[in-house]
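Visitor: Input: one structure, supplied below.
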Amino acid sequence: MLKLRDGIVELYRKVATSIPRDVEDALKQALQREENQSAKGALEIILKNISLARTTSRPMCQDTGFPVFYVRAPRGISHSLIRDSIYEATRVATKKIPLRANSVDIITDKNTGDNTGTLFPYIHILETEDESLEVELMLKGGGSENVGQVYKLPTMLDLGGKSVLAERDLKGVRLCVLDAVLQAQGKACPPYTIGVAVGGSKEQTSYLSKRQLMRRLYDENEDPILKGLEEGLLRDINSLGIGVAGFGGNNTAIGVKVGVASRHPASYFVDVSFSCWALRRGRLVW
């Protein structure tokens, strides 16, 4: 598994130092349509930072994030060996790239120094009938993780000083997403990419909302109702006036992706995950 380990080290390098093209293109488009001069200046700095990080092969943000892996493994490949390879690659990448050491023990409050710990990195493995092993990595920033929200519907929300009831329907989902964006108050480095999930349990929707951040910004939801919800939410969020880095303007978000799962009749959860402008994700096929 040494070759796999080395491949994952290079995946870390790619994800930490090079923004995906779809995200960079969306930020360039945001710059073209931005009218607020402060927000425009912030976008110009962001794009220069992206270019500099890529050309110098240096991390684009001092917070190199919480590593989250989504692995599709062919039948017969040991899951424990995959996990061991990821952990070893994480230790090597921390020194080699370098990555900031972000894994802190809950009991001792000590940093392990190598980005490994209990469930750190966080690894999801799915067995498939495919012949190739696919490893996806997202480096999830702490600031954007902190502004995420989970809702149990029905619930009362305070939107712009007005109390509104978010009921168990897609209108209620829309209100929850807008509430989450307003609560973020421009923190966590917008323009955001926002993942939304609706379902019947907390862990189900937490997984699914973050998984939406792995989708390409230009993809279209196969469900026409959810496609319309995604497009409508993006328009609504960009009309709030929060803008790039909270400076105002019409680019609070560059993408909204929605996933759904079946629910229990008694439960209706909505989970909202945020990424900052530096949506760091990538894939290795091995």
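Visitor: At D236 and R100, where each label point lies 7 Å from the Cα along Cα→Cβ, what is the point-to-point distance in nanometres?
Guide: 3.3
Visitor: Further, regarding this structure: Shape call for segment 140-241 from the C-alpha gyration tensor, a ≥ b ≥ c root eigenvalues: rounded (a/c under 1.5), prolate (a/b greater than b/c) or oblate?
Guide: rounded
Visitor: Please work out the ratio of the alpha-carbon Rg of the chain to 2.2 N^0.38 Å and round it to two decimals.
Guide: Values: Rg = 19.2 Å, N = 286, 2.2 N^0.38 = 18.9 Å.
So the chain has a normalised radius of gyration of 1.02.
Visitor: Can you give the net charge of the other residues whose Cβ lies under 13 Å from the Cβ of L178, counting K and R as +1 and D and E as -1?
Guide: Values: positive: K162, K171, R174, R235; negative: D158, D179, D236.
Local net charge: +1.
Visitor: Sticking with this structure for a sec: Hey, fewest Cβ within 10 Å first, where do L27, L81, L240 land in order?
Guide: Details: L27 22, L81 12, L240 16.
Ascending Cβ contact count within 10 Å gives the list L81, L240, L27.
Visitor: Starting with the fewest neighbours, write out T17, T118 ranked by other beta-carbon atoms found within 10 Å of each beta-carbon.
Guide: T118, T17
Visitor: Span-like helices, the chain: DSSP H, alpha-carbon axial extent 20 Å or more, mean Kyte-Doolittle 1.0 or greater, which ones? Mind dumping the intermediate values first?
Guide: Working: long enough: 2-17 (23 Å, -0.01); 37-56 (28 Å, 0.20); 79-96 (25 Å, -0.59); 170-184 (21 Å, 1.21); 224-238 (21 Å, -0.04).
For the chain, where a helix must reach 20 Å along its axis and average at least 1.0, the hits are 170-184.
Visitor: How far apart, in nm, are the 7 Å Cα→Cβ label points at E10 and D169?
Guide: With each label placed 7 Å out from Cα toward Cβ, I get 5.3 nm.
Visitor: Using alpha-carbon positions, what is the distance between the centroids of segment 105-178 and segment 229-286, in Å?
Guide: What the calculation gives is 11 Å, centre to centre.
Visitor: Could I ask something else about it? Compute a Gaussian network model of the chain, connecting alpha carbons closer than 10 Å, and tell me which residue from T108, T155, T128 fluctuates the most.
Guide: Of the options given, T108 has the highest mean-square fluctuation.
Visitor: What Kirkwood hydrodynamic radius, in Å, does segment 67-187 give when the mean of 1/r is taken over all pairs of distinct Cα atoms and then inverted? Please report the intermediate quantities before stating the final value.
Guide: Values: mean 1/r = 0.0569 Å⁻¹.
Evaluated over segment 67-187, this radius sits at 17.6 Å.
Visitor: If I take every Cα pair under 8 Å that is 6 or more residues apart in segment 200-273, average their sequence separation and divide by the length, what percent do I get for the relative contact order?
Guide: Values: 79 pairs, mean separation 34.9, N = 74.
Relative contact order of segment 200-273: 47 percent.
Visitor: If you put +1 on each Lys and Arg Cβ and -1 on each Asp and Glu Cβ, how big is the dipole of the chain around its Cα centre, in Debye rounded to 20?
Guide: 580
Visitor: Follow-up question, since we're still on this one. Can you list the cysteines of the chain that have no other Cys Cβ under 4.7 Å away?
Guide: Here C61, C176 come out as lacking a disulfide-compatible partner, given the Cβ-Cβ threshold of under 4.7 Å.
Visitor: Separate question: Quick query: amide H of C61 versus all other amide H atoms, modeled in the peptide plane; which residues come in under 5 Å with a sequence gap of 5 or more or a different chain?
Guide: Residues meeting the criterion, in which the H sits 1.01 Å from N, do not exist here.
Visitor: Continuing with this model, one more query. Once fully extended, how much extra length lies between R83 and R283, figured as 0.36 nm per residue of separation less the alpha-carbon to alpha-carbon distance?
Guide: Extending this stretch completely gives an extra 70.4 nm.
Visitor: What's the FRET efficiency of E35 with K187 using the Cβ-Cβ distance as r and R₀ = 25 Å, to the nearest 0.05?
Guide: Efficiency at R0 = 25 Å is approximately 0.65.
Visitor: Quick one: Y268, Y12, fewest Cβ neighbours within 10 Å first, how do they rank?
Guide: The most exposed by this proxy come first: Y268, Y12.
Visitor: What is the extension gain from L119 to E220, computed as 0.36 nm multiplied by their sequence separation minus the C-alpha to C-alpha distance, in nm to one decimal?
Guide: 33.1 nm
Visitor: Loop-only check: which chymotrypsin sites (Phe, Trp or Tyr not before Pro) in segment 56-92 are DSSP coil with at most 16 other Cβ within 10 angstrom?
Guide: Here no chymotrypsin sites (Phe, Trp or Tyr not before Pro) fit, given the DSSP loop and packing criteria.
Where a number appears in this text, it was derived from the coordinates with a stated rule and is not lab data. Since this is a predicted model, take the numbers as computed values, not measurements. So basically every Cβ, Gly included, is an ideal-geometry build from the backbone, and we count neighbours across all protein chains shown.
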